[in-house]
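The values are calculated or read from the model by the stated rules, or taken from the named source; none is laboratory data. Quick caveat, the model's predicted, so the values are computed rather than measured. With ideal geometry, Cβ positions are generated from the backbone for all residues, glycine too; neighbour counts draw on all protein chains shown. Surface accessibility is based on the protein's heavy atoms, side chains included, excluding ligands, DNA and RNA. Shrake-Rupley method; radii C 1.70, N 1.55, O 1.52, S 1.80 Å.
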Amino acid sequence: MQIGITGKPNVGKSTMFKAMTLQDVAIANYPFTTIEPNKGYGYVRVEDVGPEFNVKSNPRYGFIKGKYRFVPIEILDIAGLVPGAHEGRGLGNKFLDDVRQADALIHVIDISGSTNEEGQYIGPGNYDPIKDVKWYEEEIDWWFYGIIKKNLEKNIRKIKNEHLQLDKELAKLISGLNVKEEHVSKAFNELKISQEDYDIINDDKRLFELASKIRKIAKPIVIAANRVDINIDIAKKNLERLKKEYPDKVIIPTSGYAELILKELDKQGKIFYIPGENYFEIKGDLNDKEKKALEFIENYIFKEFGSTGVQNILDITVFDVLKYVAVFPGGVDSLADKEGRILPDCFLMPPESTVIDFANKIHSDLAKNFVRAIDVRTRKFLGKDYILKHRDVIQIVANA
Ligand SMILES: Nc1nc2c(ncn2[C@@H]2O[C@H](COP(=O)(O)OP(=O)(O)O)[C@@H](O)[C@H]2O)c(=O)[nH]1
Ligand SMILES: [Mg+2]
């Protein structure tokens, strides 16, 4: 699972990335060794199941804070784009490579309207951030369009002559964009494009429509209306206008800056803060600057927006937009692994995953020698085709 943070320059992408990936060293147990500088581990928040079984979970990856389990996902801090990028010098290989890998994008915009198109600071309310949503998404869609057009032009003859399925072939051709066959089929269905519509290649308008639809399905974009702290009134007004303009989009108000302050003070032991909550507890001595910042966060960010939005946007992207589910392996007789770790794992599974997919995720042998699955809460047997639900605890029984 990879989530890309993207947007024009100077809207707070790197600050948000830092806030998402900053962890207490003591609890930051990484599943893999560290990676490129613009990649890090962030965490989605799941209500832990341990308390239901009267046990204290001991995660192998991620950590427990309060009643929550924080499950690692990869976060990418993607270089900034400016308008017209796809036609000028191109989008840049690093940018394309990062976007290609991402399962979803968080588009950071400056909802205070203090940053112009090129990313220069011009003061709150002096730029309309709603404009960024349109041009930015179009840049990505044009890029998809270019790749689809080029690949179809090269292959359309063969597809036509051999009577191959158009959606299936297109999916193969653009699989490098992390696009799956079901994404392309869905786009064809929604736009009512037939499998014999080979002429679509000559209809730029429809081809762009198709590219844009595939992009929306395969790489959804969630909007972080960021920097709400710069001017609360302007932010709220812009937010309302943005939601009206784009009623179907997922738009979350955020302050990456506030989240970073909270995480840093928590790490230093000065406060106790559970990411995503609307409170903190003071634990140590604070200087005046820190006190002021915390007062502001409490009285304005928490009161007006419910949280800093940073944890919220990750959770919504993974669980509501991508519709992943978090599933715990466990046993009816014991919730511990061989080393005595209780509920050591929590896996993020794509929508519609079955218990066989889950067995495969744990170990391919478990899927190969699968006998049955058991819902650990109810102790009921589950069929092979059972579709996993969020926070299921499941035992896989296999032949040794
Ligand atoms: N007030 C405020 N400033 C922010 C916020 N996020 C970032 N900044 C500031 O905006 C500037 C650009 O931030 P940066 O994260 O480097 O932006 P990027 O170019 O999009 O990666 C820096 O001076 C940050 O301190 C925020 O949520 N609120
Ligand atoms: Mg940056």
Subtracting the Cα-Cα distance from 0.36 nm times the residue separation, let me have the gained length for TYR246 to ASP365 in nm, one decimal. 38.2 nm
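Tell me, what is the FRET efficiency for ARG206 and TYR121 to the nearest 0.05, using R0 = 51 angstrom and their Cβ-Cβ distance as r? Show your work: numbers first, answer last.
Details: r = 40 Å, r/R0 = 0.79.
That pair, ARG206 with TYR121, gives E of 0.80.
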Excluding residues on the same chain fewer than 8 positions from LYS13, give the aspartates and glutamates whose Cα lies under 12 Å from its Cα. ASP77, ASP110
Relative to the Cα centre, what is the charge dipole magnitude of the stretch 326-398, using +1 at the beta carbon of each Lys and Arg, -1 at the beta carbon of each Asp and Glu, and rounding to the nearest 20 debye? 180
Say we join alpha carbon atoms closer than 10 Å with springs in a Gaussian network model of the chain; which of VAL376, VAL46, VAL332 then has the biggest fluctuation? VAL332
Pairwise label distance in nanometres, SER14 with ALA400, each label 7 Å out on the Cα-Cβ vector: 5.6
Given backbone amide H placed at 1.01 Å from N, residues whose amide H is under 5 Å from that of VAL325, ignoring those fewer than 5 places away on the same chain, are MET349
Counting only the heavy atoms of the protein chains, how much of MET349 is accessible to a 1.4 Å probe, in Å² to the nearest 10? 10
GNM on the chain, Cα springs under 10 Å; top mean-square fluctuation among THR21, THR317, THR354 goes to THR354
Quick one: putting +1 on the C-beta of Lys and Arg, -1 on the C-beta of Asp and Glu, what dipole do you get for the stretch 138-217 around its Cα centre, in Debye to the nearest 20? 200
With the contact rule set at Cα under 8 Å and sequence spacing of 6 or more, what percent relative contact order holds for the stretch 87-246? 37
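Which percentage, to the nearest 5, of the DSSP beta bridges contained in the chain is antiparallel? Write down the numbers at each step before the final one.
On the way: 28 of 47 bridges.
Percentage antiparallel, nearest 5: 60.
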Classify the stretch 241-318 as rounded, prolate or oblate from the Cα gyration tensor: take a ≥ b ≥ c as the square roots of its eigenvalues, call it rounded if a/c is under 1.5, otherwise prolate when a/b beats b/c and oblate if not. prolate
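If you take the square roots of the eigenvalues of the alpha-carbon gyration tensor of the stretch 138-217 and sort them as a ≥ b ≥ c, do you get rounded (a/c under 1.5), prolate (a/b over b/c) or oblate?
Numbers: a/c = 1.39, a/b = 1.32, b/c = 1.05.
Rounded is the answer for the stretch 138-217, as its axis ratio a/c remains below 1.5.
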Starting from the stretch 191-226, pick out the trypsin sites (Lys or Arg not before Pro) whose DSSP state is loop and whose Cβ has at most 11 other Cβ atoms within 10 Å. LYS192
Going through LYS94/LYS263; LYS150/LYS180; LYS149/LYS216; LYS158/LYS192; LYS39/LYS67; LYS8/LYS289 one by one, the pairs whose alpha carbons sit over 20 Å apart turn out to be LYS94/LYS263; LYS158/LYS192; LYS39/LYS67; LYS8/LYS289
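Work out the FRET efficiency for LYS380 and LYS237 from their Cβ-Cβ distance, taking R0 = 56 Å, and round it to the nearest 0.05. Don't skip to the answer; put the middle values down first.
Values: r = 52 Å, r/R0 = 0.93.
FRET efficiency, LYS380 to LYS237: 0.60.
Suppose every K and R has +1 on its Cβ and every D and E has -1 on its Cβ; what is the size of the dipole of the chain about the Cα centre, in Debye to the nearest 20? Could you put the intermediate results ahead of the total?
Numbers: 59 positive and 61 negative charges, 126 e Å.
The calculated dipole for the chain is roughly 600 debye.
If each residue of separation counts as 0.36 nm, what is the full-extension length gain between VAL55 and GLU87 once their alpha-carbon separation is subtracted? Present the calculation step by step, with values, prior to reporting the outcome.
Numbers: separation 32, 0.36 × 32 = 11.52 nm, distance 5.71 nm.
Gain in length upon complete extension: 5.8 nm.
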Who wins for biggest fluctuation among ASP77, ASP233, ASP48 in a Gaussian network model of the chain, springs between alpha carbons below 10 Å? ASP233
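Quick one: how many lysine pairs does the stretch 326-398 have with C-alpha atoms less than 17 Å apart and a gap of 8 or more or different chains? Give me the count, please. Write down the numbers at each step before the final one.
Values: LYS361/LYS384; LYS361/LYS389; LYS368/LYS384; LYS380/LYS389.
Qualifying lysine pairs in the stretch 326-398: 4.
For LYS291 and GLU352 in one chain, what is 0.36 nm times their gap in residues minus the Cα-Cα distance, to one decimal in nm?
Details: separation 61, 0.36 × 61 = 21.96 nm, distance 4.69 nm.
Contour length minus the Cα-Cα distance gives 17.3 nm.
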From the square roots a ≥ b ≥ c of the eigenvalues of the alpha-carbon gyration tensor of the chain, which class results: rounded (a/c under 1.5), prolate (a/b over b/c), or oblate? oblate
